[in-house]
Amino acid sequence: MSLLFKGRPQGAQMSHISMLQRLMMFFVSHVRQALGSLGELWRAPAASLMTIGVLGLSITLPSTLYVMVKNAEQLSAGWEQASEISLFLRQDTRPADVQQLITRLSLWPEIDSLVHISKADALEEFKQLSGFGDALTHLDSNPLPDVILVTPTERHASPSSASRLLDKLRKEREVELGKLDIEWLERLHGFLGIARDVVGVVALLLFLAVVLIIGNTIRLNISNKRDEILVMKLVGATDAFIHRPFLYTGFWYGLLGGILAWFAVSLLLWWVDGSIRYVSSLYQSPFELSGLSASDLLLMLAMSVMLGLAGSMISVHRHVREIEPR
Amino acid sequence: MIKFENVSKTYSGGQQALRQVNFHIEPGEMAFLTGHSGAGKSTLLKLISIMERPTVGKVLINGHDLNTIHRRQIAYIRRDIGMIFQSHQLLMDRTVFDNVALPLVIDGYSRKEINKRVSAALEMVGLRDKVRNLPIMLSGGEQQRVGIARAVVNKPPLLLADEPTGNLDPKLSMEIIRLFEEFNQAGVSVFIATHDLGLIARMKYRTLTLRQGQMIDDGLSEDWQTDPLQEDSL
């Protein structure tokens, strides 16, 4: 509606069109502007490819690091499940009490499974492995205690909750000593934490660089189109209308950069996959390098698009405003 | 239609472009604004299209005080004012059609409506056959007519022209002015700034005269008959 002239119809209100049609026209004009921006990137392929390349590679680095940390976590998750608690029972515990303890413990929700190694079995095993053999038969009594190996459930296998379980187990009357070898696990977790933080910092810095690069590219686009923007402002274009093509340019940079990053990450993973297979075959472990999942991929693309949009938004808001007809 | 109330404009450099300007142009009127270059003609037009804001005083269009118009609303104000420039202000890398269609595209008209109106506007200025040309392939007079078609394509109630005949020979200038007369007869208010006194002399339209930022003649006073044009050209 005209601000100055009451009743002067303007634009879309002109031909009595329905809400639906107006919505359609809105989308059609957006699609047209989006395709227009894409066409403009296409017409200057060298410059566009360079910008897309910078963006793609800037996203590739943190994405690859992320995949590596993820794989390391997966690997260590496999080790964690093996984490066991060894309970050494008091010497004077009677076999019946041992059985009772096992029954009691097997009801705990934190515990996945229990293995009882009786004194006799332990001695037998020790005889075989230690090589003392006959010397041990001369002992008056069996010096070894009963041992129960406790495997926590998956949910309680992390170092902190496993040590909480250990404390609880130690309070049992029959238990003399409990042991959980978690120090190395805690260290590993510490290192993984550092790695994740480093990935985060690197990603943040690179993302910031991407926003600045896109912002600068869009700034150049804007100053190249200075005359056009002036004319558009003279014939009554709103800022939003002028912004839109530049925002779409940022969007396309982001999307294409994200796709490039996806290719680059896939290529890198394919590259290192061979050597990882070789190493894991040496360890006879069935480790498989896992790449980006569908949701990771979507997140990466969304991130990239958002960076592109953010860069262009900042630039557009600063620089389109400066261009005013004088 | 256009009303100036004690308008002064001082640029940030301290240069005073307009001093205490008062005048009123009625709806449907056609008027000329004249004066030497540097007298403040362009500044006066810029105040109407809100390219500049007055330092003191009020500019009103159709009774609305432009001082109350927010920066974000300026775009909508300009859709009500058809503007024509000496330098044409055409997009040189777009066809004549795209140039004329620009205000309609901005205003969100449908494709069908745009085709219809652009054809009509180009018909009016006699450039129907140049639709697909680039402005660069046209003569100066033709480029100016493209600018005029663009200014009238969304049928604004007010038409402003800043030196529309600046680079044209007298015959072409007259053709352009005839075009403005046609629009005026269709009810559009037309306000033309020009220093082409010869052109104005052949017309019987109201003429406002600026000298060094002051309105020395608003074209209504009785003593205007003693010919301010000659006085001005001295």
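Please list the three semi-axes, largest first and in whole Å, of the ellipsoid equivalent to chain A, using sqrt of 5 times the eigenvalues of its alpha carbon gyration tensor. Working shown, then result.
On the way: eigenvalues 967, 108, 48 Å².
That gives 70, 23, 16 Å for the three semi-axes.
Report the gain in length on full extension from residue A:160 to residue A:8: 0.36 nm times residue separation, minus Cα-Cα distance, nm rounded to one decimal.
Details: separation 152, 0.36 × 152 = 54.72 nm, distance 7.27 nm.
Additional length available on full extension: 47.4 nm.
Could you work out the Kirkwood radius for segment B:1-140, taking every pair of different alpha carbons, averaging 1/r and inverting it, reported in Å?
Numbers: mean 1/r = 0.0576 Å⁻¹.
Value: 17.4 Å, from the Cα pair sum.
Mind pulling the angle between the C-alpha long axis of helix B:96-107 and the longest principal axis of chain B? Nearest 10 degrees, somewhere in 0 to 90.
Long axis of B:96-107 versus the principal axis of chain B: about 70 degrees.
Am I reading the B/A interface right? What is its buried accessible area, both sides, 1.4 Å probe, to the nearest 100 Å²?
3000 Å²
How much length is gained on full extension from residue A:284 to residue A:220, taking 0.36 nm per residue of separation minus their Cα-Cα distance? Walk me through the numbers on the way to the answer.
Details: separation 64, 0.36 × 64 = 23.04 nm, distance 5.60 nm.
Additional length available on full extension: 17.4 nm.
What nm distance separates the two modelled labels at residue B:129 and residue A:68, each placed 7 Å from Cα along Cα→Cβ?
About 7.1 nm separates the two model spin labels.
Using the Cα centre as the reference, give the magnitude of the dipole from point charges on the C-beta atoms of the protein assembly as shown (Lys, Arg: +1; Asp, Glu: -1; all else neutral), rounded to the nearest 20 debye.
It comes to approximately 2180 debye.
Quick one: compute the contact order of chain A, relative version, from alpha carbon pairs under 8 angstrom and 6+ residues apart, as a percent. Write out the running numbers ahead of the final one.
Working: 344 pairs, mean separation 88.0, N = 326.
For chain A, the relative contact order is 27 percent.
Which order do A:103, A:153, B:209 take when ranked by solvent-accessible area (1.4 Å probe, heavy atoms of all protein chains), largest first? Each step should come with its number before you reach the end.
Values: A:103 85, A:153 30, B:209 0 Å².
The ordering from most to least exposed comes out as A:103, A:153, B:209.
Nearest 0.05, what FRET efficiency do residue A:46 and residue A:230 give at R0 = 41 Å with Cβ-Cβ as r? Spell out each step's value before the answer.
On the way: r = 27 Å, r/R0 = 0.67.
Rounded to the nearest 0.05, the efficiency is 0.90.
For chain A, set up a Gaussian network in which alpha carbons nearer than 10 Å are linked by springs, and say which option among A:140, A:121, A:167 fluctuates the most.
For chain A, modelled as a Gaussian network with Cα springs under 10 Å, the answer is A:140.
What does the accessible area per residue of the protein assembly as shown come to in Å², with a 1.4 Å probe and no ligands, DNA or RNA counted? Intermediate results must be reported in sequence, preceding the final value.
On the way: 29430 Å² over 560 residues.
With the other protein chains kept in place, the protein assembly as shown gives 53 Å² per residue.
Show A:262, A:42, A:252 ordered by accessible area, largest first, where the area counts protein heavy atoms only and the probe is 1.4 Å. Don't skip to the end; give the middle numbers.
Values: A:262 100, A:42 205, A:252 40 Å².
Of A:262, A:42, A:252, the descending order of accessible area is A:42, A:262, A:252.
Just how many pairs of Lys in chain A have C-alpha atoms closer than 19 Å, counting pairs that are eight or more places apart or on different chains?
Working: A:119/A:127; A:119/A:179; A:168/A:179; A:171/A:179; A:225/A:233.
Close lysine pairs under the 19 Å cut-off: 5.
Which values of log₁₀ I(q)/I(0), to two decimal places, follow from the Debye formula for chain B at q = 0.13, 0.16 Å⁻¹ with a uniform point scatterer at every Cα?
These q points yield log10 I(q)/I(0) values of -0.79, -1.16.
Go through segment B:20-51 and flag every residue whose accessible area shrinks by 30 Å² or more with all protein chains in place compared to the isolated chain (probe 1.4 Å).
B:51
State log₁₀ I(q)/I(0) for segment A:85-179 at q = 0.14, 0.16, 0.23 Å⁻¹ as given by the Debye formula over alpha-carbon point scatterers of equal weight, solvent excluded.
-0.56, -0.69, -1.13
Using a Gaussian network model of chain A whose springs link C-alpha atoms within less than 10 Å, name the residue from A:237, A:209, A:157 with the highest mean-square fluctuation.
Of A:237, A:209, A:157, the Gaussian network model singles out A:237 as fluctuating most.
Counting only protein heavy atoms and a 1.4 Å probe, tell me what percentage of chain A's accessible area is made up of carbon and sulfur. Spell out each step's value before the answer.
On the way: 12560 of 19160 Å².
It is 66 percent, rounded to a whole number.
Semi-axes, largest first, in whole Å: what does sqrt of 5 times each Cα gyration tensor eigenvalue give for the protein assembly as shown? All intermediate terms of the calculation are to be shown ahead of the outcome.
Details: eigenvalues 1479, 113, 77 Å².
They are 86, 24, 20 Å, listed from largest to smallest.
Computed FRET efficiency, Cβ-Cβ of residue A:21 and residue B:10, R0 45 Å: what is it to the nearest 0.05? Present the calculation step by step, with values, prior to reporting the outcome.
On the way: r = 49 Å, r/R0 = 1.10.
Given R0 = 45 Å and the Cβ-Cβ separation, E is 0.35.
Roughly how many percent of the accessible protein surface of chain B is carbon and sulfur, given a 1.4 Å probe and a whole-percent answer? Mind dumping the intermediate values first?
Details: 4980 of 10270 Å².
C and S atoms contribute 48 percent here.
For a Förster distance of 56 Å, can you work out the FRET efficiency between the beta-carbons of residue A:299 and residue B:212, rounded to the nearest 0.05? Write down the numbers at each step before the final one.
Working: r = 66 Å, r/R0 = 1.18.
Plugging the Cβ-Cβ distance into 1/(1 + (r/R0)^6) gives 0.25.
On full extension of the chain, what length is gained from residue B:220 through residue B:37, given 0.36 nm per residue of separation minus the C-alpha to C-alpha distance?
63.6 nm
Give, in whole angstrom and from largest to smallest, the semi-axes √(5λ) of the equivalent ellipsoid of segment B:110-202, with λ running over the eigenvalues of the Cα gyration tensor. Display every interim value, and only then the final one.
Details: eigenvalues 105, 57, 19 Å².
They are 23, 17, 10 Å, listed largest first.
So how exposed is residue A:110, as accessible area in Å² (1.4 Å probe, rounded to 10)?
30 Å²
Can you give the relative contact order of segment A:51-204 as a percent, counting alpha carbon pairs under 8 Å and 6+ residues apart?
Working: 159 pairs, mean separation 58.3, N = 154.
Result for segment A:51-204 is 38 percent.
Under 10 Å, Cα contacts only: if you run a Gaussian network model on chain A, which one of A:291, A:254, A:131 comes out with the highest mean-square fluctuation?
Maximum fluctuation in the GNM of chain A, among the listed residues, is at A:131.
The values are calculated or read from the model by the stated rules, or taken from the named source; none is laboratory data. Everything quoted here is computed from the prediction, not taken from an experiment. Please note: Cβ atoms are built from the backbone with ideal geometry, for glycine as well, and neighbour counts cover all protein chains shown. Heavy atoms of the whole protein, side chains included, go into the accessibility calculation; ligands, DNA and RNA do not. Shrake-Rupley method; radii C 1.70, N 1.55, O 1.52, S 1.80 Å.
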